[in-house]
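*Asks:* Once you've had a glance at the structure underneath, I'll fire off some questions.
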Amino acid sequence: MTKGILVCAETADGKITATTRELLHAGRDLADAAGSALAALVTGKNPQEAAAEAITLGADTVYTVDAPSFVESTPDYYASLLVMTCRKTEPAVVIFGQTDLGRDVAPLLAARSGGVACMDCVRVAIDTQTRALLQTRPVYGGNAMAVWSSGEEVLRVVALRPRSYAAAEPDATRQGEIVALDPPDSDESPRMELLETRKEDIQGVKIEDARIVVSGGGGIGGPDGFKLLEELARVAGGASGAVAATRVPCDEGWVSHGIEVGQTGTIITPDLYIAVGISGAVQHMVGCADSKVIVAINRDPDAHIFQEADFGIVGDYRQAVPALTGAIKSIKGA
Amino acid sequence: MNIVVCVKQILDPNLPPAKFKVDSKARQIIPPEGIPLVMNPYDAQAVEMALRLKEKNGGKITAVSLGGPEAVSAVKYALSLGADEGVALSDEAFFGSDSLAVAHILGRAIRKIGAYDLVLCGRQAADWDEGLTGPLLAEELGIPVVNLVRDIENVGGDWRFTRVISGGEQVFAVFLPALATITNEAPQTRLPTGWGIISANRKQIPVWNGGDIDVDPTRIGSAAAVRKLTALTAPERKRNCEMISKETVAEAAGTLARRLGETGAFL
């Protein structure tokens, strides 16, 4: 029996997250190519329901561990949990999302299992002859794409960037096995303790769920300009319109870090991305490059953003954005 | 408190994309001529964190950099910002090391530096963008790691690390010694002072090789790397921009709205 693929699943409100559904898609493809089985690890309080969901999404076996969720726990505890799971289930490949959990645990799991990690990948494939795992990932901020090959002699641990794969579609007829594992022993002398988890109150739709995103860069010049962007997002997108930003407005404190798009922020793929006062640095573009339509509004005709956009207007956003808002309003009203 | 900061000199990540050239055959980035390397911006924020901690709690900051001759420049830059000491790690045998090997080399160097309370790294290097070295170094040293740390403070003798998570943040009480990878949400970096630059330039930076720090030769270099780079290519540019230029911005906006309407984007 060939060693299988293990997806480290994440849940929110007892349901498999969108990112995990993408991992299950990637994992199913890998398992089919390798002629092996796909397993998923589901943790949290009462993981049964999410385990059943993971089977409909492509898992052959689901291991459940009744344990605190990742945000209620410590990276150390989750690293122990994953090491234990891999010891018991001996996968060939473990797939994480490039999420808080994946970023913390994937490197530690690799280090403690004598394995090799590859982070923030956008594609994974099996070389069917050598059985090496081929991992594609953007490097140099997105200025180059690298393919790394990791041989089957060690455990391969990979973290997949959200939105790199389509989400697996549920198939209620799929059959699978659910195996409960005991949680790891709690650490007698913990090295860290979680004191507090604070979640920001997000008003309206999250940027990753919005269909239309109006995004501002350093060219906006301050917090006030973002009001014009909000108006455009509301008129163009209604309840599924959102405002986002590049890193500069976040670092400057004009807007919250929670709405940053890019390598150090969120990766989004809306139907329409309107980039206002954004120069188009690669580190930003990796966060929005797969949007269906990209519009650029910038004063500088040589701004790189125009090479990444479908439509461009050269001009002052203070005039262009309200004009666009008005024009869309009249088209929608017609 | 004794703080070790790991720093790396890289190609300026803010270079315009047109300056980046990929040699797919050699699987290398061709650095543009005449443009100096810079300290990885996330590492610079780790130095800033160290300086702030030292200002509050006292202690000593040691900067460590692994690389070719440029490693000395990274250390000097850290000194010019206010680090107290520094060491460069250079050896031909280090060439081709993967993240595990780099963690091993840094770990050996840190053991030689001596007692430490905190090790700080940037959240990732803005060249390979992987974020592996910090956590792997913590494992090598056998100390806990907290990633994407934005603030570290001493509250009644307890060390609290505040780190950024998706849509919020977490606060951990951490027993030192520990490692933190510093996120871009941490305070921005100060600029070096004139005096800082002068005194950093006067300092002789020790350069340690593998033998100096007793690395395990079977764990370093390209021979030890399990993961191999098999391709490096320039990304595809997928779009052709339709520039909408009219007499007035208002007219252009009207045309754009119509064109977007045709794509069905906001209907």
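*Asks:* With no solvent and one equal point scatterer per Cα, compute the Debye intensity ratio I(q)/I(0) for chain B at 0.08, 0.11, 0.15 Å⁻¹ and report its log10, rounded to two decimals.
*Replies:* -0.41, -0.68, -1.09
*Asks:* Rounded to the nearest 500, what is the 222 nm mean residue ellipticity of chain A from helices alone, with -39500 (n - 2.57) per DSSP H run of 4+ residues and division by all residues?
*Replies:* So the calculated ellipticity at 222 nm is -8500 deg cm²/dmol.
*Asks:* Over chain A, one equal point on each Cα, no solvent: what is log10 I(q)/I(0) by the Debye formula at q = 0.08, 0.11 Å⁻¹?
*Replies:* Each listed q maps to, in turn, -0.43, -0.77.
*Asks:* At q = 0.11, 0.18, 0.19 Å⁻¹, what log₁₀ I(q)/I(0) does region A:212-333 have when each alpha carbon counts as one equal point scatterer in the Debye sum?
*Replies:* Once normalised to I(0) and log-transformed, intensities are -0.30, -0.85, -0.96.
*Asks:* Within region A:84-99, list the residues whose amide N lies under 18 Å from a label point set 7 Å along Cα→Cβ of A:ASP185.
*Replies:* The answer is A:84-88, whose backbone nitrogens lie closer than 18 Å to the label point.
*Asks:* Cα axis of helix A:100-112 to longest principal axis of chain A: angle in degrees, 0 to 90, nearest 10?
*Replies:* Approximately 40 degrees, to the nearest ten.
*Asks:* Given Cα pairs under 8 Å that are at least 6 residues apart, what percent is the relative contact order of chain B?
*Replies:* Over chain B, the number comes to 24 percent.
*Asks:* For chain A, set up a Gaussian network in which alpha carbons nearer than 10 Å are linked by springs, and say which option among A:ASP104, A:ASP76, A:ASP224 fluctuates the most.
*Replies:* A:ASP224
*Asks:* Using a 1.4 angstrom probe on heavy atoms only, work out the carbon and sulfur share of the accessible area of the protein assembly as shown in %.
*Replies:* Whole-percent figure for carbon plus sulfur exposure: 49.
*Asks:* Please report the buried accessible area for the interface of A with B, total over both chains, probe 1.4 Å, in Å² to the nearest 100.
*Replies:* Buried area (both sides, nearest 100 Å²): 7100 Å².
*Asks:* Quick check on the protein assembly as shown: of the DSSP beta bridges with both residues there, what percent are antiparallel, nearest 5%?
*Replies:* 40 percent
*Asks:* May I pose another question? Could you tell me how far the Cα centroid of region A:144-208 sits from the Cα centroid of region A:31-82, in Å?
*Replies:* Value for the Cα centre distance between the two parts: 8 Å.
*Asks:* Further question: Among the aspartates and glutamates, which fall within straight-line cross-link reach of A:LYS3, defined as a Cα-Cα distance under 19 Å, with same-chain neighbours fewer than 8 residues apart omitted?
*Replies:* A:ASP29, A:ASP32, A:ASP60, A:GLU90, A:ASP127, A:GLU152, A:GLU153, A:GLU177
*Asks:* What are the lysines whose alpha-carbon lies under 27 Å from the alpha-carbon of B:LYS8, with same-chain residues fewer than 8 places away excluded?
*Replies:* Cross-link targets: B:LYS19, B:LYS21, B:LYS25, B:LYS54, B:LYS56, B:LYS60, B:LYS76, B:LYS112, B:LYS203, B:LYS228.
*Asks:* Viscosity 1.567 mPa s, temperature 4 °C: what is the translational diffusion coefficient of the protein assembly as shown from Stokes-Einstein with a Kirkwood Rh over Cα pairs, rounded to a whole number of µm²/s?
*Replies:* So the translational diffusion coefficient is about 51 µm²/s.
*Asks:* May I pose another question? Please go through region B:192-250 and write out the trypsin sites (Lys or Arg not before Pro) that DSSP classes as loop and that have at most 11 other C-beta atoms within 10 Å.
*Replies:* Those satisfying the criteria are B:ARG237, B:LYS238.
*Asks:* Taking the alpha carbon gyration tensor of region A:5-181, what are the square roots of 5 times its eigenvalues, largest first, to the nearest whole Å?
*Replies:* Semi-axis lengths for region A:5-181 are 23, 18, 16 Å.
*Asks:* In whole angstrom, note down how far apart the Cα centers of region A:276-334 and region B:184-229 are.
*Replies:* 41 Å
*Asks:* On the Cα set of region B:27-103, report Rg and Dmax in Å, please.
*Replies:* 14.2, 45
*Asks:* In the Gaussian network model of chain B, springs joining C-alpha atoms below 10 Å, which of B:ALA178, B:ALA125, B:ALA231 carries the largest mean-square fluctuation?
*Replies:* Ranking B:ALA178, B:ALA125, B:ALA231 by mean-square fluctuation puts B:ALA231 first.
*Asks:* Which one, B:THR133, B:THR162, B:THR62, has the greatest fluctuation when you compute a Gaussian network model over chain B with C-alpha springs under 10 angstrom?
*Replies:* Evaluated over chain B, the most mobile residue of the options is B:THR162.
*Asks:* Pairing the Cα long axis of helix A:225-237 with the longest principal axis of chain A, what angle in degrees results, from 0 to 90 and rounded to the nearest 10?
*Replies:* Once rounded, the angle reads 70 degrees.
*Asks:* Would you mind calculating the relative contact order of chain A from Cα pairs under 8 angstrom and at least 6 residues apart, reporting the percent as a whole number?
*Replies:* 14 percent
The values are calculated or read from the model by the stated rules, or taken from the named source; none is laboratory data. Computed from a predicted model, the values in this text were never measured in an experiment. A quick note on method: Cβ atoms are made from the backbone with ideal geometry, for glycine too, and the neighbour counts reach across all protein chains shown. Quick note on the areas: whole protein, heavy atoms, side chains included, nothing else; ligands and nucleic acids left out. Shrake-Rupley method; radii C 1.70, N 1.55, O 1.52, S 1.80 Å.
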